[in-house]
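Worksheet: the structure to be examined is printed underneath.
The values are calculated or read from the model by the stated rules, or taken from the named source; none is laboratory data. For clarity, every value in this text was computed on a predicted model and none was experimentally measured. Using ideal geometry, Cβ is built from the backbone for each residue, glycine included, and neighbour counts are taken over all protein chains shown.
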Amino acid sequence: MLVLAGIAVIVLGFLLRFNPLLVVTVAAGVTGWAAGLSPLAILATLGKAFNDVRYVSIIWIVLPVIGLLEHHGLQEQARRFVARFGRATAGRLLIAYLLFRQLTAAVGLMSIAGPAHTVRPLVAPMAEADLVGIERLLLGTDYSFPPADLAPLASLKAAGFSTAQIEEVSEGNVRRMFSRLR
């Protein structure tokens, strides 16, 4: 019965709003201790479970490949590729992406396109700028609330905004709207 103490740790940890990763790790430790496992056996079990689920070893292949691609001009190639689609708009991009997600899901490929919310930080600023004009956009963040964008200017840069547009959205438009607050 003591083996179920891990469940109590999880409930208590979540009620007290502790870090979920810390709560689950402590609960695993408590459960392992209650089951009579040594600390090394608990750690080995956690490591094996993490490796089995997360495919950690693939990182050692992906990271160097990304580094090499970046070194040899991946961003410039991507810009040239996207520039060829002159009629592409944020709306058309979203429609194509969501259609791709639906088609791949229909054939059973559920995780090929990643979570849908990962596209929003890149496409939403472009759509808003197209819809209302760059002179009407202001920069805001969800900082301190999950999911916080800790580098909002970098997100605008990644979304394809020029340096001048980023300056307008982050500072120029606000100064123009509130010119009396200098």
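So which of Gly114, Gly140 ends up being assigned to a loop (DSSP other than H, G, I, E, B), exposed (fewer than 12 other Cβ atoms within 10 Å of the Cβ) and at pLDDT 70 or above? On inspection, the qualifying residue turns out to be Gly140. Checking every residue in the range 164-172 against the condition of being under 30 Å from Pro20 (Cβ atoms), surrounded by 11 or more Cβ atoms within 10 Å (Cβ to Cβ) and modelled with pLDDT of 70 or more gives zero matches.
Pairing residues of the range 41-54 that are closer than 14 Å to Gly29 by Cα with residues that are part of a helix (DSSP H, G or I), at Cβ distances under 6 Å and at least 6 apart in sequence or on separate chains, gives Ile42/Gly29; Ile42/Gly32; Leu46/Ala28. If you go through the range 40-51 one residue at a time, do you hit one that is among the hydroxyl-bearing types (Ser, Thr, Tyr) and either surrounded by 12 or more Cβ atoms within 10 Å (Cβ to Cβ) or at pLDDT 85 or above (or both)? The answer is yes, given that some residue of the range 40-51 is among the hydroxyl-bearing types (Ser, Thr, Tyr) and either surrounded by 12 or more Cβ atoms within 10 Å (Cβ to Cβ) or at pLDDT 85 or above (or both).
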